[in-house]
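Visitor: The structure is given below, and queries will be raised subsequently.
The values are calculated or read from the model by the stated rules, or taken from the named source; none is laboratory data. Because the structure is a prediction, the values reported are computed rather than measured. Ideal geometry is used to build each Cβ from the backbone, glycine not excepted, and the neighbour counts take in all protein chains shown. Heads up: the accessible areas ignore ligands, DNA and RNA and are worked out on the full protein's heavy atoms, side chains in. Shrake-Rupley method; radii C 1.70, N 1.55, O 1.52, S 1.80 Å.
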Amino acid sequence: MFYFDKFFYDFKKEIYKNRNRKMNIVDILLLTITIVLGLAALILFELKSFKIINTGVSILVVFLLIFSEVFYVILMIKISKENKKIDFLKLHKENVTDKIIVLLKNKQYEFYNIEKVNWLISCCNKKLNEKNDFNKCLSVLKTLGSWFLPLLTLAIGIVVQKFSNEELIYYIAMIIIGFFILFLFLIMLIPVIDYFNSPNKKCLECLLGELEFIKTNISNI
């Protein structure tokens, strides 16, 4: 696998990491403002729920959420207009496919033939099917979670029976907010988990797809 590892390293460093169009400063600024305003509104709402700050802050929370949505819509409209002017097929071909072909033809490798490309594809599949220790630990945690969740649901059901209607409505609202926060946290955490689970998965999948496409062009030569 030495030759594949070297080829994959060059592909990842020179092609994969530079394949996407970079966000400009205005896009980054709009996205940052959207996130900051949304988080500020969420924090203020939580502080109000625990009566740490007065109820007059509710108006500020609403305004922050509105401004957050406005900046998000502006960002989406701006990106949508810019995307209409871009030929993504041509951009991908120039930034990825053509550069892989150049790398395959490099004298250091000379991989631009059916046999070598098939070998590279088999190496990609082999790497993708490997399971590391983190993946095994994750499977154990999922199993423990499937045992623990029914017990937690039962415990919540017993506790809820003792609540008054007002307390029940309040705690249901808090649970919904808690799940929303957890959902946002998981969105940020999933890429981290995927990285530790298989740091090169996306890169390998990208290379595999490109090699399969390039092989069809070699076959037609």
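Visitor: More than 18 Å apart: what percent of Cα pairs in region 82-132 qualify?
Guide: Beyond 18 Å sits 53 percent of the P(r) for region 82-132.
Visitor: Can you order the peptides 6-14, 74-82 by their average number of other Cβ atoms within 10 Å per residue, highest first?
Guide: Going from most to least packed, we get 6-14, 74-82.
Visitor: For ASP98, ASP27, give me the order by solvent-accessible area with a 1.4 Å probe, most accessible first, ignoring ligands, DNA and RNA.
Guide: Solvent-accessible surface, decreasing: ASP98, ASP27.
Visitor: What nm value, rounded to one decimal, do you get for the distance between GLU69 and ILE177 when each label is placed 7 Å out toward the C-beta?
Guide: 1.9
Visitor: Cα-Cα over 20 Å: which of LYS78/LYS201; LYS116/LYS202; LYS13/LYS93; LYS107/LYS201; LYS13/LYS84?
Guide: Pairs exceeding the cut-off: LYS78/LYS201; LYS116/LYS202; LYS107/LYS201; LYS13/LYS84.
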